[in-house]
1. Cβ-Cβ distance below 7 Å, separation of 6 or more or different chains: which pairs start in the range 252-277 with a residue that is more than 20 Å from residue 305 (Cβ to Cβ) and end on one that is within 10 Å of the ligand (Cβ to nearest atom)?
2. Just to be sure before I move on: is residue 160 in a helix (DSSP H, G or I), more than 16 Å from the ligand (Cβ to nearest atom) and over 14 Å from the mean Cα position of the chain (by Cα) in the structure I sent?
3. Does residue 53 qualify as being within 19 Å of the chain's Cα centre (by Cα), of a type in the set (Ser, Thr, Tyr) and buried (at least 17 other Cβ atoms within 10 Å of the Cβ)?
4. Would you say residue 76 is touching a Pro at 6+ places or on another chain (Cβ under 8 Å) and part of a helix (DSSP H, G or I)?
5. All but one of (1) surrounded by fewer than 12 Cβ atoms within 10 Å (Cβ to Cβ); (2) in a helix (DSSP H, G or I) hold for residue 64; state the number of the condition that does not hold.
6. Which pairs turn up if I take residues in the range 57-77 that are closer than 17 Å to residue 96 by Cβ and charged (D, E, K, R) and look for partners that are modelled with pLDDT of 95 or more and surrounded by fewer than 16 Cβ atoms within 10 Å (Cβ to Cβ) with beta carbon separation below 8 Å, at least 6 apart in sequence or on another chain?
7. When the residues of the range 188-221 are filtered to those that are under 22 Å from the mean Cα position of the chain (by Cα) and of a type in the set (Ser, Thr, Tyr), which remaining residue is modelled with the lowest pLDDT?
Amino acid sequence: MTKEAFRLISPGGTESELPVRTGTVGPDVIDVGALYKEQGVFTFDPGFVATGSCESDITFIDGEKGLLMYRGYPVEQLAEHSSFIEVSYLLLNGELPTAEELDTFDHTIRTHTMLNEGMLNFFKGFRYDAHPMAMLSAVVGSMSAYYHDTMDVHNPEHRDIFAHRILAKLPTIAAAAYKLNIGQPFMYPRNDLDYTENFLQMLFSVPAEPYEIDPVSARAIDLLFILHADHEQNCSTSTVRMAGSSGANPYSAIAAGISALWGPAHGGANEAVLKMLEEIGDKSQITKYVAKAKDKNDPFRLMGFGHRVYKNFDPRATIIREMCHKVLKQLGRNDSPMFELALELEEIALKDDYFVEKKLYPNVDFYSGIIYRALGIPTSMFTVMFALGRSVGWTAHWLEMISDPQGRIARPRQLYQGPPQRDYVAIEKR
Ligand code: SDX
């Protein structure tokens, strides 16, 4: 739908008509592609607070309404009725699968979970205490050293194979990293188990005795993967799209996304939340830490609070908070002091004018770590859990980007503030 263009008149009187583009839902966008040619100026938006980088059919977020939908389906409905494998099919293909399509997709993923045996040698080179995110990004990047035969990004069949390999093999790589950290033998995947059951057995089973899958844990992880699966143009997804826009192989683009996710301002926040709660220690210290978070001279921030888009509640945080109550109770850990502290911190923070005024609410990372810990997953693996869920979102966005006939390499401009042109000075004259 075409809308009336924005007219821009420069101080010198040069006029530009900037076309307006309308999406299915959400704010319109102003196409500024011709601005430099017509007006000799760039737009300037550090951090891309108000800049759309692409068109996408995959995920929509309404930050005011606290709405998140994958291919049009609200995340609450998918959380209640779907599974991570079905949501993965939806994100990758655009539609919910028929029963037959789901069976075929599930079988494909189940039968591609093993790694090339040579990849396991990488784990022999890491120190026992290497951070699992470092191992995940390294080993995923190494996949491009193994799969030369199917890396033609313009070949639809190769793109499909890449998508299935990433979804199928990431849990195996993640579990191998965990086993290295705890000095236990690597456990091979099992095709008779579903996605999250298989992940749990690769994490927690040992050759010395049978392992029984806990259905509560399996369902909780499946739900957490659904809630983390995609989130439109977040930092790590934009990184995947940017890296892929040069035509780089998709495994390297995903490895770049993993690295971007690791930052504490992004996916690394779930690990930082638990460390923050441990530092706060007990309820008596909450007021002191909330004051630190408000103090401009103090770099401390309340990890798990705030969001670039959600200026109301993060719908995922709401679901995860409710899950916390249920999972902790079902696992018999409902006296979790960490959870009690988190609930108290949320209550106090949300009454504080600073947080209310700046619209800082708990985000997806605030409660997820409490559930991971209750499931026996160590803090160092929390961001890996985020990456496992988000892997399908990264893949869906890479597929969308690489298939765009109008696609071009992402190459932003800048406002230069360096020294003006000057001549070289011989060292004896400096
Ligand atoms: C994720 O983009 C996505 O969709 C991300 C994600 C996804 O699914 O991919 O949702 C996942 O990354 C969630 C966010 C996890 N990060 C954290 O919990 C870290 C703590 N939060 C902040 O660092 C911050 O809120 C961000 C990074 C999340 C958002 O940063 P913005 O949008 O750049 O906001 P900002 O830093 O400009 O903050 C606005 C104001 C500032 O104060 P003023 O300069 O206006 O006075 O709010 C303050 C900030 O100082 N502020 C906080 C705060 N977050 C923002 N003050 C105290 N504690 C905080 N947590």
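The values are calculated or read from the model by the stated rules, or taken from the named source; none is laboratory data. Treat the numbers as computed from the prediction; the structure is a model and nothing was measured. We place every Cβ from the backbone using ideal geometry, glycine too, and count neighbours over all the protein chains shown.
1. 257/236; 257/237; 260/235; 260/236; 260/266
2. On the way: in a helix (DSSP H, G or I): yes; more than 16 Å from the ligand (Cβ to nearest atom): yes; over 14 Å from the mean Cα position of the chain (by Cα): yes.
Yes.
3. On the way: within 19 Å of the chain's Cα centre (by Cα): yes; of a type in the set (Ser, Thr, Tyr): yes; buried (at least 17 other Cβ atoms within 10 Å of the Cβ): no.
In short, no.
4. Details: touching a Pro at 6+ places or on another chain (Cβ under 8 Å): yes; part of a helix (DSSP H, G or I): yes.
Considered against the rule, which asks whether it is touching a Pro at 6+ places or on another chain (Cβ under 8 Å) and part of a helix (DSSP H, G or I), residue 76 comes out as yes.
5. (2)
6. 57/94; 71/57; 71/94; 71/95
7. 217
Here is a yes/no grid of residues against (1) assigned to a helix (DSSP H, G or I); (2) buried (at least 22 other Cβ atoms within 10 Å of the Cβ); (3) more than 8 Å from the ligand (Cβ to nearest atom); (4) at pLDDT below 95:
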| position | (1), (2), (3), (4) |
| --- | --- |
| 223 | yes, yes, yes, no |
| 226 | yes, yes, yes, no |
| 232 | no, no, no, no |
| 236 | yes, yes, no, no |
| 240 | yes, yes, yes, no |
| 259 | yes, no, yes, no |
| 271 | yes, yes, yes, yes |
| 274 | yes, yes, yes, yes |
